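Asks: Below are the structure tokens for one structure; questions will follow.
The values are calculated or read from the model by the stated rules, or taken from the named source; none is laboratory data. Computed from a prediction, not measured in an experiment: that's the story for all the values here. All Cβ positions, even for glycine, are placed from backbone atoms using ideal geometry, and neighbour counts span all protein chains on display.
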Amino acid sequence: MPIRKEQFLTLLLFAVTMVSCAQQPKPVPLYPGDVPNSKTYPDYEMVNNMRYTHVSRPTLTIFKPTGKPTGTAIVICPGGGYSALAMGHEGLDVAARLADSGIVGVVLKYRLPNDSTMEDKTIGPLQDAQRAIQYVREHAKEWGVDPHKVGIMGFSAGGHLASTAGTHFDQSYIANPRHISLRPDFMVLGYPVISFSDSIGHHGSRDNLLGKNAPADSILKYSNELQVTSNTPPAFLVHAKDDKVVPVANSIHFVEAMQAHNVPVEVYYYDAGGHGFGMHNKTSDFDWLALALQWLHGQGF
């Protein structure tokens, strides 16, 4: 019996999916032993269309360069309001693009704040981001990475985590007996949650990380536009002006703080596109990530 066109296309899609899965790197545990700041709790992690929830077992998925190696590595923090992780278009897809550009793309599946799984949920994601930077530098020689060219990228709430790693690195929230630098060398922030203020902050991210009745000092501490110093790493930001979820003012205020401290910063604002567009803003043909990579090259990364 001849195969109908619809059957052929279904089989072809299945075959492509299987090849893609076979080629995708396997995740590795973020910590060599026990996960710090964790309670004994069943693993309830769920995945639905590459959207992960209830994450309590952090991992890294490492994409080695398929293009000419640059010696640069980037830790990628997917977004999801600190309640989920968009591991596809804000994680694995981005890492594959970076690898094609000669960059080691490292997707961080970080723990999502939860009082049931953590002793202190407010520092859990930051611990994982610091450990990811530490992990990359520990393996820098093995991967052909310059330990002074290790950056961090984040989208939406992942952008909050990335900017937290870039502004709170003076305090180590993990064991660091070798005193490896936990400061990222640069940041790439996509439509990031920066502020936890009442006026422009994303209240869902704030509530999930700090709790609904967070004290004022915690809100100020994690409003990262207030934490910029002259030692903050250089940053590239992208945001759509019509973003209704995370107001563009988050990026504007962060850029202004960077400029006030004479830290190199570049930003691209789309006129439209809303929130969560990942690498591809459907309202424009402009490739913001290509611009970001060009900027990184100009910065020596």
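This table checks each residue for (1) over 26 Å from Thr122 (Cβ atoms); (2) touching a Leu at 6+ places or on another chain (Cβ under 8 Å); (3) outside any helix (DSSP H, G or I).
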{"residue": "Ser197", "(1), (2), (3)": "no, no, yes"}
{"residue": "Ser205", "(1), (2), (3)": "no, no, no"}
{"residue": "Val228", "(1), (2), (3)": "no, no, yes"}
{"residue": "Tyr268", "(1), (2), (3)": "yes, yes, yes"}
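Asks: Also, I was wondering about something else. Take the residues of the range 150-178 that are hydrophobic (A, V, I, L, M, F, W, C) and outside any helix (DSSP H, G or I): which is farthest from Gly298 (Cα to Cα)? Full working, then the answer.
Replies: First pass over the range 150-178, keeping only residues hydrophobic (A, V, I, L, M, F, W, C): 150, 152-153, 155, 157, 161-162, 165, 169, 174-175.
Going one step further and asking which of them are outside any helix (DSSP H, G or I), we end up with 150, 152-153, 155, 169, 174-175.
Numbers: Val150: 15, Ile152: 17, Met153: 17, Phe155: 22, Phe169: 24, Ile174: 32, Ala175: 34 Å.
Checking each candidate, the answer is Ala175.
Asks: Looking only at the range 18-60, which residues are over 21 Å from Gly81 (Cα atoms), β-branched (Val, Ile, Thr) and at pLDDT 95 or above?
Replies: Val28, Val35
Asks: With respect to Val94, is the statement that it is outside any strand (DSSP E or B), aliphatic (A, V, I, L, M), touching a residue at least 12 places away in the same chain (Cβ under 8 Å) and surrounded by 20 or more Cβ atoms within 10 Å (Cβ to Cβ) true? Break it down stepwise before answering.
Replies: Details: outside any strand (DSSP E or B): yes; aliphatic (A, V, I, L, M): yes; touching a residue at least 12 places away in the same chain (Cβ under 8 Å): yes; surrounded by 20 or more Cβ atoms within 10 Å (Cβ to Cβ): yes.
Spelling it out, Val94 is indeed outside any strand (DSSP E or B), aliphatic (A, V, I, L, M), touching a residue at least 12 places away in the same chain (Cβ under 8 Å) and surrounded by 20 or more Cβ atoms within 10 Å (Cβ to Cβ).
Asks: Still on this structure, I have one more. Out of curiosity, is Val35 part of a loop (DSSP other than H, G, I, E, B) and in contact with a Pro (Cβ under 7 Å, 6 or more places away or on another chain)?
Replies: On the way: part of a loop (DSSP other than H, G, I, E, B): yes; in contact with a Pro (Cβ under 7 Å, 6 or more places away or on another chain): yes.
So Val35 passes the test.
Asks: Is it true that Ile133 is of a type in the set (A, V, I, L, M, F, W, C) and in contact (Cβ under 8 Å) with a residue 60 or more places away in the chain?
Replies: Values: of a type in the set (A, V, I, L, M, F, W, C): yes; in contact (Cβ under 8 Å) with a residue 60 or more places away in the chain: no.
Criteria not met by Ile133.
Asks: Only residues that are of a type in the set (Gly, Ala, Ser) and at negative phi: list them for the range 52-71, please. It would help to see each step written out before you state the result.
Replies: Residues of the range 52-71 of a type in the set (Gly, Ala, Ser): 56, 67, 71.
Selection gives Ser56, Gly67.
Asks: Please go through (1) within 30 Å of His148 (Cα to Cα); (2) modelled with pLDDT under 95; (3) not polar (S, T, N, Q) for Gly201 and return the number of the only condition it doesn't satisfy.
Replies: (1)
Asks: Could you list, in sequence order, all residues of the range 70-91 that are in contact with a Phe, Trp or Tyr (Cβ under 6 Å, 6 or more places away or on another chain) and assigned to a helix (DSSP H, G or I)?
Replies: Residue satisfying the conditions is Glu90 alone.
Asks: Right, here's the next one. Take the residues of the range 136-146 that are over 13 Å from Ile62 (Cβ atoms) and touching a residue at least 12 places away in the same chain (Cβ under 8 Å): which is nearest to the chain's Cα centre (by Cα)? Quick ask: steps written out before the conclusion?
Replies: Initial filter on the range 136-146 (over 13 Å from Ile62 (Cβ atoms)): 137, 141, 146.
Add one more test, that the residue is touching a residue at least 12 places away in the same chain (Cβ under 8 Å), and what stays is 137, 146.
Working: Arg137: 17, Asp146: 20 Å.
The extreme case among them is Arg137.
Asks: Go through the range 64-85 residue by residue and tally those that are surrounded by fewer than 22 Cβ atoms within 10 Å (Cβ to Cβ) and among the hydrophobic types (A, V, I, L, M, F, W, C).
Replies: Adding up the residues that qualify gives 1.
Asks: Being surrounded by fewer than 18 Cβ atoms within 10 Å (Cβ to Cβ) and either under 18 Å from the mean Cα position of the chain (by Cα) or on the phi > 0 side of the Ramachandran plot (or both) is the filter here; which residues of the range 249-266 pass it?
Replies: Hit for the range 249-266 is Asn262, nothing else.
Asks: Being surrounded by 24 or more Cβ atoms within 10 Å (Cβ to Cβ) and part of a loop (DSSP other than H, G, I, E, B) narrows it down to one residue among Pro147, Pro184; which is it? Give the derivation first.
Replies: Numbers: Pro147 fails: surrounded by 24 or more Cβ atoms within 10 Å (Cβ to Cβ).
Being surrounded by 24 or more Cβ atoms within 10 Å (Cβ to Cβ) and part of a loop (DSSP other than H, G, I, E, B) holds for just one of Pro147, Pro184, which is Pro184.
Asks: Let me spell it out: the conditions are (1) polar (S, T, N, Q); (2) surrounded by fewer than 18 Cβ atoms within 10 Å (Cβ to Cβ); (3) farther than 22 Å from Ala165 by Cα, and Ser101 meets all of them except one. Which number is the exception?
Replies: (2)
Asks: Filter the range 110-122 for residues that are farther than 14 Å from Tyr44 by Cβ and touching a helix residue (DSSP H, G or I) at 6+ places or on another chain (Cβ under 8 Å); which is surrounded by the fewest Cβ atoms within 10 Å (Cβ to Cβ)?
Replies: Result: Thr122.
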